[in-house]
1. Could you tell me what percent of the DSSP beta bridges with both partners in the chain are antiparallel, to the nearest 5?
2. To two decimal places, what compactness ratio does region 66-155 give when its Cα radius of gyration is scaled by 2.2 N^0.38 Å?
3. Under the Karplus relation 6.51 cos²θ - 1.76 cosθ + 1.60, θ = phi - 60°, what is the ordered set of whole-Hz ³J(HN,Hα) values for region 170-182, x standing for Gly and Pro?
4. Over the residues of region 1-74, compute the C-alpha Rg and express it relative to 2.2 N^0.38 Å.
5. List, in order, the whole-Hz ³J(HN,Hα) value for each residue of region 248-264 obtained from phi through the Karplus relation with A = 6.51, B = -1.76, C = 1.60 and θ = phi - 60°; use x for Gly and Pro.
6. Report the extension gain between ARG268 and SER301 in nm, rounded to one decimal, defined as 0.36 nm multiplied by the number of residues separating them, less their alpha carbon distance.
7. Quick one: which residues, 5 or more positions from VAL147 or on another chain, have an amide H under 5 Å from its amide H? H modelled 1.01 Å from N in the peptide plane, none for Pro or chain starts.
8. Among LEU269, LEU31, LEU296, determine the one that fluctuates most according to a GNM of the chain built with springs between C-alpha atoms less than 10 Å apart.
Amino acid sequence: MKAWQRVLVRPDTAILDVIGIIDEGALQIALVVDEIGRLLGTVTDGDVRRGLLRGVGLDQPVSEIMNDRPTSARLNDSREAVLAIMKLKRLHHIPILDDDGRVVGIEVLDDILQLNLRENWVVIMAGGLGTRLRPLTDECPKPLLRVGSKPLLETILDSFIEYGFRRFFLTVNYKAEMIKSYFGDGSRWGVEIEYIHESRRMGTAGALSLLPEKPERPILVMNGDLLTKVNFKQLLDFHLQNQAQATMCVREYSYQIPYGVVEVDRQRLIHIEEKPVQSCLVSAGIYVLNPEVLDLVPRDSYYDMPELFSKLLSLQCEITAFPIREYWLDIGRMEDYERANGEFAEVFR
């Protein structure tokens, strides 16, 4: 059980029991939730002491002393935004809620200020031609197209940096020198950037065979044309907790069949559904791979991620799917690019 799950209590829990939870836990706080995990209030040592001064007995329910108007943050809020709220309100803890108000985590000020740097490598596939975005990509590679206030690839880089990743490999081909000139060695962002130059198209996985050495830890791989608010820390934690050899991020994709769909039993028509909406899970272009998985990628050859995962399946490897609930957009077409620019300020504020 995660640390924050140990500090969840119901409103009818006795104050004495809550004191024990606070004293025994590393977080020094208790979160009061309803039957489905929605946050009702918070309790700290200060709340307990103020309650005692008011004459509230230790056998009374914790709802008598809880802060019923706690400050919280949303799952998609950036680390910088959460830190700003905590500094403004002088908070040491802040619960993290999903869109339904359920607790999904807790941020502690000390953890934010002392960011845990991650040694896992990040490989960003940035060598595509961007054919469907012509004429914009005639003179500029797709990763350098500006979305909002900066190039798309810079937003991707910033997102990983926010979660403590520091070593990056960019696969480049089309107009590679423009990308290398802009990002350099990464020192402007306080990170290390190296380049893998594809002399020809190598698919979505082939360039992994060109890494200078075998990594010691799982690596994250991401297509360089995605705009997303995925929590990369949660993704890596999910991969490790499930002891997976490979993890694929997936998202729900819905589409409407433009015809009436019929069901038949031999020659009899027994049901018809007009233009139904179908849903399925599709690959989101973000992956976590253990070092040993890279041995399956053929050297210096064209190879796609679906081929790699099919190979892993045939070998009965442990593969997990990480569902994306956060914002995600594949900028592959002109309408996607226009949508990204229209939504950027709101999503990445």
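1. 60 percent
2. 1.57
3. 9, 7, 10, 8, 5, 6, 4, 5, 5, 5, 5, 5, 6
4. The value comes to 1.01.
5. Result, ordered by residue: 10, 6, 10, 9, 6, 10, 10, 8, 9, 6, x, 9, x, 8, 10, 10, 10 Hz.
6. Residue separation times 0.36 nm, minus the Cα-Cα distance, leaves 6.7 nm.
7. Amide H neighbours of VAL147: LEU152.
8. Residue with maximal mean-square fluctuation among LEU269, LEU31, LEU296: LEU269.
Bear in mind these aren't lab numbers, they're just calculated from the coordinates by the rules spelled out. Everything numeric in this text was worked out from a predicted model, so none of it was measured. Cβ atoms come from the backbone with ideal geometry, glycine included; neighbour counts cover every protein chain shown.
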